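Notes follow once the structure below has been shown.
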C-alpha cells in the first residue's frame with residue numbers, strides 16, 4: 001500500500017487514534033490475518049478533503065505501522081459502511097467487497113474507535129442532508145425569481 005499524502009499526518013485532523021493490529025479477511029480460508037506481516041499500528045479516523053477534489057470533506061481510516069511507518073490501511077469511510085463489533089477487542093468492517101479488521105490493544109481503544117467511526121458516518125449523513133436541503137433551497141429561490 002502506498003504512503004499516504006493526505007492530511008492525516010497532522011494529529012489535529014484525527015477524530016480518534018488508537019493502537020491496533022490491522023487485519024485483512026481471507027474468505028477462501030475463512031480467517032483473519034495480519035496485514036503486511038502484522039505489528040502494532042497507529043490507526044485513526046481523520047478528516048480529509050474529498051478525493052474528487054470538489055471541495056467537500058470526507059473521512060479516512062488510516063493506519064501506519066509503528067516500527068517502520070509503513071501505511072498498512074487506507075479506507076474511506078462511507079455512509080453505507082457496515083461495522084461489526086465481533087468482540088470487545090476485535091472489530092471489522094466492510095466497504096464494497098473489501099473487509100478490514102482491527103485487533104485493539106484494549107476494550108477502551110475499541111470503544112473509542114467505534115465512537116469515532118460512528119461520528120464520521122453521522123457527519124457524512126448530515127453533510128449529505130445539508131447539501132440536499134441547500135440545493136433544494138436554491139432551486140426554490142431560482143424558481144421564485146423565474147416566475
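Odds and ends about this structure:
- At an R0 of 30 angstrom, the distance between the Cβ atoms of residue 84 and residue 57 translates into a FRET efficiency of 0.70.
- Per-residue Cβ neighbour counts within 10 Å put 78, 42, 65, 98 in the sequence 98, 78, 42, 65, beginning with the fewest.
- Sorting 23, 49 by the number of Cβ atoms found within 10 Å of their own Cβ, with the fewest placed first, yields 49, 23.
- Simple spin-label estimate for residue 115 and residue 25 in nanometres, 7 Å along Cα-Cβ: 2.7 nm
- Straightening the chain between residue 95 and residue 108 buys 2.3 nm, computed as 0.36 nm per residue apart minus the Cα-Cα spacing.
A short reminder: the numbers here are calculations on the coordinates, not readings from a lab. Computed from a prediction, not measured in an experiment: that's the story for all the values here. Every residue, glycine among them, receives a Cβ derived from its backbone with ideal geometry; neighbour counts consider all protein chains shown.
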